[in-house]
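A short worksheet on the structure shown next.
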Amino acid sequence: LATAATALALSVTATSAFAACDEGEMVIKFSHVTNTDKHPKGIAANLFAERVNDQMDGRACVEVFPNSTLYNDDQVLEAMLQGDVQMAAPSLSKFETFTKVFGLFDLPFMFKNMDAVDEFQNSPTGQDMKSSMERRGLVGLEFWHSGMKQFSANKPLLEPGDAKGLKFRVQPSDVLVAQMKALGASPQPMAFAEVYGALQTGVVDGQENTWSNTYGQKFFEVQDGVTETNHGVLDYMVVTSADWWDSLDADLRDEIAQIMHEVSMERNAAVGEVELQSRQAILDAGGEIRELTPEQRQDWVEVMMPVWEEFADDVGQSNIDMAQEINA
Ligand code: LMR
């Protein structure tokens, strides 16, 4: 079924959110998987396109393809290496075949909030991570934030034991697989575009995501409720191919990089508000949100944190230590 759906998605002509580029302009295709409206990534990608298309009119033109209309995250990086798409912003959970170091951001309870993530990423250590995939042909341009993840399921989740035996969709990340196993749940890696259908038909019982994705993809409509666990982070990296990036004239490249940087600073500072609006929108639409007592949350911490040890070598113990210092 998944293969048929993918083939169908590729056979229809993908439409971008922007008018066609003019002749003579260098076209930058930006592919992503979320909705555009009220979503941290959708807003940032559109703002980047607007800025480039305005400031660099006649020279460069960005076309944004949202909602997995061009590629799923598991296809887009290969397509980028082939030169079929120039930019994407997959979550840090989706680079595992290129680098293990981003597993740090998947470790449960590693960062206490998005400010801590921001501080880590803006440190020299964090900035170095942008070049961690260069030998594999990918250049990281900027980190883009989304927010903290919450669990949802087709039954109330209050104690960690409530997740036992349930099937949870996870992003394709060994760390997230291990996290769900620590809960005694069954992890099912799956493309983002397939999650709603899988929840609706009972192929999986639950999922973990930000408020903006849980609202934007309407997951809450086919779940019993969302539990406010804030147990992990969903963050993105804007990437491009080293071949394409290096082929650009230095002036053009610097101008694109500068616009990307300004957009990233502006939108990263605003994601908290966007996420809160999605949380409120779930409530306004009649969705159920359950808050945990400090004792209940501590039980989730105790069950999930042992996962850190398993991945300390992959993600670097010094990175774990630094994240904890920032949290303190
Ligand atoms: C997911 O697959 O759940 C997310 O990475 C989707 C996204 O890009 O926010």
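Just so it is clear, none of the values below were taken in a lab; they were calculated from the coordinates. All figures in this text were calculated on a predicted structure; none of them were measured in a lab. Neighbour counts are summed over all protein chains in view; Cβ atoms, including those assigned to glycine, are modelled from backbone coordinates with ideal geometry.
Residue ranges 131-141, 289-299 sort as 131-141, 289-299 when ordered by packing (mean number of other C-beta atoms within 10 Å per residue, highest first). In sequence order, segment 194-205 has phi-based couplings of 9, 5, 4, x, 5, 5, 5, 8, x, 4, 10, 9 Hz under the Karplus curve 6.51 cos²θ - 1.76 cosθ + 1.60, θ = phi - 60°, and Gly or Pro positions carry x. All C-alpha pair distances within segment 190-237, sorted into 10 Å bins from zero, spread as 25, 58, 17, 0 percent across the bins.
Its convex hull of Cα atoms gives segment 148-190 a direction-averaged projected area, equal to a quarter of the hull surface, of 3.0 nm².
With the charge dipole of the chain set up from +1 on Lys and Arg Cβ and -1 on Asp and Glu Cβ about the Cα centre, the Cα lying farthest toward the positive end among the listed residues N122, T293, I256 is that of T293.
Report the per residue volume, in Å³, of the convex hull enclosing the C-alpha atoms of segment 187-328.
Hull volume normalised by residue count: 185 Å³.
Taking a ≥ b ≥ c as the square roots of the Cα gyration tensor eigenvalues, segment 13-88 comes out oblate, since a/c reaches at least 1.5 and a/b does not exceed b/c. Taken one residue at a time, the phi angles of segment 52-61 give Karplus couplings (6.51, -1.76, 1.60, θ = phi - 60°) of 5, 5, 7, 5, 10, 3, x, 10, 9, 8 Hz. Gly and Pro are set to x. Rounded, prolate or oblate: which fits segment 100-230 when a ≥ b ≥ c are the square roots of the eigenvalues of the alpha-carbon gyration tensor, with rounded for a/c under 1.5 and prolate only if a/b beats b/c? The shape class here is prolate. Comparing N122, N154, N67 in a Gaussian network model of the chain, where Cα atoms under 10 Å apart are tied by springs, the biggest mean-square fluctuation is seen for N122.
Based only on Cα atoms, what mean projected area does the convex hull of the chain have, in nm²?
16.2
Comparing Q258, Q223, Q179 in a Gaussian network model of the chain, where Cα atoms under 10 Å apart are tied by springs, the biggest mean-square fluctuation is seen for Q258.
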